[in-house]
Amino acid sequence: MRHLLSLILLALCLAGPAHAADQAAGGARAADVAAIQKVVDQFKAAIIARDGKTLAKLFLQDHDSWLSVVDEAKWAKVKALNPQARKVFPSSWKKFAEFIQDAKMPVEERFYNVRIDTNGAVASVWFDFDFLDDGKVTNRGSESWQMVRAEDGWKISSMLYSMGD
């Protein structure tokens with residue numbers, strides 16, 4: 001019996017530091033998720049404010065990987081109007097920031113089902129969205145960001161989004 005109690009006590013002692021490390025990692029992850037959520041919130045606020053400069057600061061400045069993909073239903077309509085149209089096409093955060101800055105009517109992007117995953121150095125953000133131009137939905141789909149923790153905080157390094165009705 002004494003041997004069994006010794007083994008249980010030993011197991012608890014060994015598990016203690018591992019459990020503490022797990023709790024510390026969980027706290028760091030929670031802080032990273034909160035910081036990334038702040039970027040998501042700044043992104044939405046910058047669009048509503050038509051603040052292209054703030055929007056631009058959320059992106060990794062020396063990298064611009066941005067792709068739009070037309071969903072199947074919209075693709076059929078686009079292809080009927082323009083047989084040469086591309087289903088997947090590149091754009092850039094710079095063009096988007098300029099579009100937002102120069103918008104004459106109110107614009108907004110609404111996010112739903114936001115999911116954030118990170119290891120503290122890189123992160124993935126995935127959500128469904130509606131994009132509104134002058135209060136009307138002009139695009140809806142899903143969007144994915146790849147993010148990196150740069151010297152000055154979390155930055156969007158690439159973006160991929162679908163375009164649908």
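The values are calculated or read from the model by the stated rules, or taken from the named source; none is laboratory data. Because the structure is predicted, anything quoted here is derived from the model rather than measured. Here the Cβ positions follow ideal geometry from the backbone for every residue, glycine too, while neighbour counts run over all protein chains shown.
The residue list VAL114, VAL137, VAL69 contains one member that is closer than 30 Å to ALA28 by Cβ and hydrophobic (A, V, I, L, M, F, W, C), which is VAL114. A single member of TYR161, TYR112 is closer than 25 Å to ASP51 by Cβ, hydroxyl-bearing (Ser, Thr, Tyr) and free of Cβ contacts under 8 Å to residues at least 40 places away in the same chain, and it is TYR112. Scanning region 91-107 for residues that are within 18 Å of SER65 (Cα to Cα) and among the acidic types (Asp, Glu) yields a single hit, GLU98.
Within region 94-109, can one find any residue that is assigned to a strand (DSSP E or B), over 30 Å from ALA30 (Cβ atoms) and modelled with pLDDT of 95 or more? Looking for residues that are assigned to a strand (DSSP E or B), over 30 Å from ALA30 (Cβ atoms) and modelled with pLDDT of 95 or more, one finds at least one in region 94-109, hence yes.
With respect to the conditions (1) modelled with pLDDT under 95; (2) buried (at least 18 other Cβ atoms within 10 Å of the Cβ); (3) of a type outside the set (A, V, I, L, M), LYS155 falls short on a single one, namely (1).
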